[in-house]
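To start, the structure itself, in structure tokens.
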């Protein structure tokens, strides 16, 4: 059976056959998961905009500070690979609760870090927590989605990234300017504690699968998963490679204050959130059909970002378009992966998170020398090439 035919038989691509009246509303629990995503996203995205302030505080360079983001990525990747497999056995809710508590502790440690090394260690712990939390959230979102509303439900949950951009990252740049960068991590720690409290008070089901947890790489035998993970790797490496140095480019390259980086995060978040209004298109056309075009759109946006990189105003506009395009790219990826094998959904989404945050490490460390030697525009062009790889993988059909 061809890969494309396999995916076409999923619930995702059957959405178009369901009449609009028969489609149930998106469950209220999806909005709780949105908040959990916002907390995870706030920490994973916050360091880029405040990196210049952190670097000045520790009398070091921005690339040195961004090693904390790389450590977060490595911790998340390893955790998602080796711990997320227990989601299917222990239950997504219990795993998410434990992860949120661990994240809160790691954020407090980040706020109190006396050195860059201590900050790196704290973010490594935060990554371990995120590596369990992200697949637990995605698995829960797919599990509670009504038939025919898979992309819509996942799209609502993904708007948590918008919240993390608008209410988290953009305000963090202002906090770093007006108070201190340490206040940023302290604030996110409070949000993590609130998310844990909200989760504890709800009735989110905790379905568990009997038997031992699957081996970490067992899900790689699932038909169609390899091309999707390749697309994920290219997509996320491009994003974190460009995002990690956007803040420094605006501050040092264009001479804008650190707080101006908050406007860039706001622009991205607005674009990302606006795209959620169009998620019904994915349900109607099918994620498999939309995916290559979504990634080609992201590639075009990266080229536009490179062309506009000498203008702050034009860069803001392109960053908004970047957010819109990336929303579609992330939605179709999560939708397709979660539909491959519902019985191993936690393990599959763990592999997705492992690849995603390995890409955080590769993106932040690999694009660092590119940025230092050739500038921000070249980083955006390299990201565009990576998106062509992602689009090619999205069209791959295997036996």
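Bear in mind that the values in this text are calculations on the coordinates, not laboratory data. Computed from a predicted model, the values in this text were never measured in an experiment. Neighbour counts are summed over all protein chains in view; Cβ atoms, including those assigned to glycine, are modelled from backbone coordinates with ideal geometry.
Summary table
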read-out: Cβ-based exposure ranking for 239, 82, in which fewest neighbours within 10 Å come first; value: 82, 239
read-out: Largest-first principal axis extents of the Cα set of region 259-364 (Å); value: 48, 33, 22
read-out: Order of 291, 349 - criterion: other Cβ atoms within 10 Å of each residue's Cβ, fewest first; value: 291, 349
read-out: Kirkwood hydrodynamic radius over Cα pairs of region 346-399, then Stokes diffusion coefficient at 4 °C and 1.567 mPa s, in µm²/s; value: 100 µm²/s
read-out: Angle between the chain longest axis and helix 260-275 axis [Cα atoms, degrees, rounded to 10]; value: 10 degrees
read-out: Cβ-based exposure ranking for 153, 365, in which fewest neighbours within 10 Å come first; value: 365, 153
read-out: Radius of gyration and Dmax over the Cα atoms of region 44-176, both given in Å; value: 16.2, 54
read-out: Between region 95-114 and region 319-364, the alpha-carbon center distance in angstrom; value: 23 Å
read-out: Separation of the residue 374 and residue 28 label points, Cα + 7 Å toward Cβ, nm; value: 5.3 nm
read-out: Separation in nanometres of the label points that stand 7 Å from Cα toward Cβ, at residue 105 and residue 82; value: 1.7 nm
read-out: Cβ-derived FRET efficiency at R0 41 Å, residue 118 paired with residue 289, nearest 0.05; value: 0.30
read-out: At R0 = 41 Å, FRET efficiency that the Cβ-Cβ distance of residue 252 and residue 343 yields, to 0.05; value: 0.25
read-out: Computed [θ] at 222 nm, helices only, for the chain once each DSSP H run of length n ≥ 4 contributes -39500 (n - 2.57); value: -25000 deg cm²/dmol
read-out: FRET efficiency for residue 89 and residue 221, using Cβ-Cβ distance with R0 set to 30 Å, rounded to 0.05; value: 0.95
read-out: Theoretical gain in end-to-end length, residue 167 to residue 56 [0.36 nm per residue, Cα-Cα removed]; value: 37.5 nm
